[in-house]
Structures are given as C-alpha cells and as structure tokens.
1. Within segment 65-80, count every residue that is farther than 22 Å from residue 44 by Cβ and within 15 Å of the chain's Cα centre (by Cα).
2. From the list 111, 140, 62, which residue is within 15 Å of the chain's Cα centre (by Cα) and closer than 27 Å to residue 166 by Cα?
3. Filter segment 85-100 down to the residues that are over 19 Å from residue 173 (Cβ atoms) and surrounded by 15 or more Cβ atoms within 10 Å (Cβ to Cβ) and list them by number.
4. Given the residues 82, 74, which is the only one that is without any contact (Cβ under 8 Å) to a residue 60 or more places away in the chain and crowded, with 20+ Cβ neighbours inside 10 Å?
5. Does segment 219-240 contain at least one residue that is farther than 16 Å from residue 106 by Cβ, outside any strand (DSSP E or B) and modelled with pLDDT under 95?
6. Tell me, yes or no, whether segment 193-205 has at least one residue that is in a loop (DSSP other than H, G, I, E, B), touching a strand residue (DSSP E or B) at 6+ places or on another chain (Cβ under 9 Å), outside the structural domain of residue 100 (by TED's automatic domain parsing) and under 22 Å from residue 131 (Cα atoms).
7. Could we say that residue 155 is in the same structural domain as residue 210 (by TED's automatic domain parsing) and not in a helix (DSSP H, G or I) here?
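The values are calculated or read from the model by the stated rules, or taken from the named source; none is laboratory data. Only a predicted model underlies this, so the values are computations on that prediction, with no experimental measurement involved. A quick note on method: Cβ atoms are made from the backbone with ideal geometry, for glycine too, and the neighbour counts reach across all protein chains shown.
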C-alpha cells in the first residue's frame, strides 16, 4: 500500500475523527467524521482539498466540502489513495470500483464510511436530528407504512417521535446501501422497520417491493443505530 501523507483540512472543519460509534464492529470498515462551520468556509479550500466546488449557498457548499474531506480520508485509510468521489449524474457519490461507501451530513456534522467491496457490497450511512413530537406526528404518514403505524400504538409521545425518527433514518440508510446495487429508486412505503434490538442497537428492515432478482420483496437487512451527541446515526451494511 502506498505511503500515507497528511490530508489538507479546511479551516471550517474540526480535526477528523475516526471513532466507531456503533455497538457492533464491522471488520475493514472506516468511518471518518468532522464538524464544520459554514461561516469559516474559504473558497480556496476546495482546490486545496482536491474537491470540485458546487454552486450552492454557503451551508450546502460547506457540508459538501466536509463530506468529501471525510470521504477522502476514509478512502486513504482503506486503499492508500486519497481520492475524492465525484458527483454522478444521479447526484450520488462515484466510488472507486474496489470499495463501497456512503456520505452523510446534517446539523453542521459530516461523515463518510468506506470499506473494501470484496467484503461489503453496500454501505448506507445517515445522520438525522431527532424529530420533535409535533413534527414526527405530522410526517409519520409519509414515512411509515400502516403496519409500522400500528406498532406505535400505546407508546408515549416522546417514544413515538424517537421511533419515527429512527425509522426515517434507517430507511434513508437502506436506500443509500441498495441504490448503487440496483440503480432503482424506492421510497419510504416500499420498505418497513420490522423490529429493534435496543440492547444491541440493531434493527431489522424488510423490502416490500422487488428491486430485482437479488433483492425480491421480503428480503431482510440489518441496520445499526447510535447517538452521536444530539444526533441520530444509522448504518445499513450489506456483506458479500
């Protein structure tokens, strides 16, 4: 593997963090995160970090830069090459053929996860801020299936909001993990959260529509979740 040199860190980003936030370890997987401040964004940071700039407001530019900086470091740790994934026509990151990866950002925090494709064919990472009770109830019908709504019956308002937030995040991670494999878009009501193992901080998800011969309706996948400060983080890893 080539020698590794220090990556350029934009002033708007805090030092990169390689702590693993989930209870379950995943061999060979690298997760890199940073916090960022859009007010400190410098346009010169893009060429210095090797990231192609985008046309957007400062907040969107900063989160794009921070996410790519994290991806570059994660790729360096996995492959030895500090490359930056381009933005595809479908706006998804274009990862090197030998790896799987995912990028997420929210609430001035960004992270990227990368692993060798020979071991992990798909990775979906998502960060969310927990929804307020009012907002969770307002969005529940857009996120949850009828069966998922029934499973919320009898729960206190705060627990309902937590479950709706978690379901939202896990379904976002599920899409990110599967889309590069199937190249078919699917939506919240086309998958469901079956169960949660709170002590292990894992969840079981099931597809409700077929996404091709390898992913028929009824396919089940495992997700991981955790809290990072005041954020909810979820991951759907798909092993080979």
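1. Qualifying residue count, segment 65-80: 1.
2. 111
3. Residue satisfying the conditions is 96 alone.
4. Result of the check over 82, 74: 74.
5. yes
6. So far as segment 193-205 goes, yes, one or more of its residues are in a loop (DSSP other than H, G, I, E, B), touching a strand residue (DSSP E or B) at 6+ places or on another chain (Cβ under 9 Å), outside the structural domain of residue 100 (by TED's automatic domain parsing) and under 22 Å from residue 131 (Cα atoms).
7. Here the answer is yes, as residue 155 does meet what is asked.
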